[in-house]
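Quick notes on the structure that follows.
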Amino acid sequence: MKKSKLIFIATLIFLLISGCSKPNEETVTISANADSEYVHTFTDLNLGILFDFNFRLPDADKRWVTVWAESYRDGEKEPDPLTEISYGSSPQQVTEGHLGFGIINSTAEESMLFLYAPSVSTSPVKIESLNVPNRFSAWDYAIGDKKVALSLGETKLLAVYRQSAGNAIRTYDFQDEEAVKQMIKEDSRVLLLKIKIEESHE
């Protein structure tokens, strides 16, 4: 009796461990990659700011990906994204690799933004300088380096660049929608990098 109980418990533990160790291969995942070669190269060349992510898209032949940077000034959202990339219906069933957002010359008179994803990228887009005298700026990932699952139709905040309205800058929980709204209201300039995965209509 004791032996059969031990076998049952051992089998149960094995099944639980196996279930936890095997991620769902059908799940779209993304994670911050702040220590990537892309980021180090960008930093070493003093080009500006780069947010890099590891991105895995199963069923890529049936999915559509949109990544964009929203802009807010003094609490008001600008009507169009500063830059956007949209792609899908891949000939491959699974795509994975680097996805990211770069800000070139973030402290110069003129800045440029660009986006990239596996097998696709945008040309740099010029915007007015993000460098404002007597303003503090900060930037950070909104997700960590652990894989985050993305649901179809969900809009996910990936990274934030912002400037204070005064001579100090607060910290916020970027996973809290109300905290993000408060940040947009209090800071003078906010850029939000977002992603959305949808079913392809083709």
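Of note:
- Relative contact order (%) - criterion: Cα under 8 Å, at least six apart; region: the chain: 23
- Element breakdown for the chain at a 1.4 angstrom probe: carbon and sulfur atoms account for 52% of the accessible area.
- Counting charges near ASN54 (Lys, Arg +1; Asp, Glu -1) among other residues having Cβ under 9 Å from its Cβ returns a value of -1.
- Stokes-Einstein diffusion for the chain at 37 °C, viscosity 0.692 mPa s, with a Kirkwood radius from C-alpha pairs, works out to 175 µm²/s.
- Each of THR83, PRO133, THR95 was placed along the dipole of segment 31-141 (beta-carbon charges, centred on the mean Cα), and the one lying farthest toward the positive end is THR95.
- Accessible area per residue for the chain, computed on protein heavy atoms with a 1.4 Å probe, is 60 Å².
- Neighbours of GLU154 by Cβ distance under 13 Å: Lys/Arg scored +1, Asp/Glu scored -1, total +1.
- Estimated dipole of the chain in Debye, rounded to 20 [Cβ of Lys and Arg +1, of Asp and Glu -1, Cα centre]: 1020
- Ordering of 55-62, 35-42 by burial proxy (mean other Cβ atoms within 10 Å per residue, highest first): 55-62, 35-42
- Pairs exceeding a 22 Å alpha-carbon distance, out of LYS62/LYS146; LYS77/LYS185; LYS126/LYS156: LYS62/LYS146; LYS126/LYS156.
- Overall, the anisotropy analysis places segment 109-202 in the oblate class: the square-rooted eigenvalues a ≥ b ≥ c of its C-alpha gyration tensor yield a/c not less than 1.5, with a/b not exceeding b/c.
- Zone of GLN92's modelled label, taken as backbone nitrogen in segment 36-66 under 16 Å from a point 7 Å along Cα→Cβ: 53-65
The values are calculated or read from the model by the stated rules, or taken from the named source; none is laboratory data. Since the structure is predicted, the reported quantities are computational estimates derived from the model, not experimental observations. For neighbour counting, all protein chains shown are included, and Cβ atoms are generated from backbone atoms with ideal geometry for every residue, glycine included. Just the protein is used for accessible areas: all its heavy atoms, side chains included, with ligands, DNA and RNA removed. Shrake-Rupley method; radii C 1.70, N 1.55, O 1.52, S 1.80 Å.
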